[in-house]
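Readers should treat all values here as calculations from the given coordinates under stated rules, not as data from a laboratory. Quick caveat, the model's predicted, so the values are computed rather than measured. Cβ: placed from backbone, ideal geometry, glycine included. Neighbour counts: every protein chain shown.
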Amino acid sequence: MQTLSGKKILLGISGGIAAYKCADLTRRLIERGAEVQVVMTKAATEFITPLTMQAVSGNPVSHSLLDPAAEASMSHIELAKWADLVLLAPATADLIARVSAGMGNDLLSTLVLATDSPIAVSPAMNQQMYLNVATQENIETLARRGMHIWGPGAGEQACGDVGPGEC
């Protein structure tokens, strides 16, 4: 079992059905010694609750760029500096496109812009969306910029399709 002792992982969850797997992923990272902070997009909170992720991670969950209490201390910058690794999982086609375009229109995409830590992207979406030329070009752009692309797996998907795109 690989140790992650003392590593600080910022887990960025975007809004796809694979978000349900993040509770188990967080538990496994912590079992290996990592400290995990969670940031969720608004869409992610429709698939898995911040309360669930807080209970599993043991840390408050951030999900709004415009939280006045958190932003008084510039929390998005603090989180970006805190992380040893930013892990975007699941990374939907939407999140990948926004990050590829350099957008900072929510807390998670802003953190990606503000960090100098390594970033790992774990794509998860319908196989047709994953294979779309725009998505493939966006993933290639992220890889060229030095981001690590982890996955996707292949298999049966929530919609019944079979193919690449599984987180």
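Here are the numbers for the structure shown:
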| item | result |
| --- | --- |
| Residues with amide H under 5 Å from that of MET40, placed H, sequence gap 5 or more | ILE13, SER62, HIS63 |
| Kirkwood estimate for region 1-144, i.e. one over the average of 1/r between Cα atoms, Å | 15.2 Å |
| Whole-Hz ³J(HN,Hα) from phi, Karplus 6.51 cos²θ - 1.76 cosθ + 1.60, for region 30-35, glycine and proline x | 5, 4, 8, x, 7, 9 |
| Nitroxide proxy distance, nm - points 7 Å out along Cα→Cβ at GLU31 and SER5 | 1.9 nm |
| Normalised convex hull volume, region 1-50, alpha-carbon set, Å³ per residue | 63 Å³ |
| Karplus-derived 3J(HN,Hα), 6.51/-1.76/1.60, for each residue of region 118-126, Hz, glycine and proline x | x, 10, 10, 10, 10, x, 8, 5, 4 |
| 5 angstrom amide H check on ALA34, placed H, neighbours 5+ away | LEU4 |
| Extension gain from TYR20 to LEU113, taking 0.36 nm per residue of separation minus the Cα-Cα distance | 30.9 nm |
| Environment charge at VAL56 (Cβ cut-off 15 Å; Lys +1, Arg +1, Asp -1, Glu -1) | +1 |
| Long-range HN-HN contacts of ALA120 with modeled amide H, under 5 Å | VAL86, LEU87, LEU88, HIS148 |
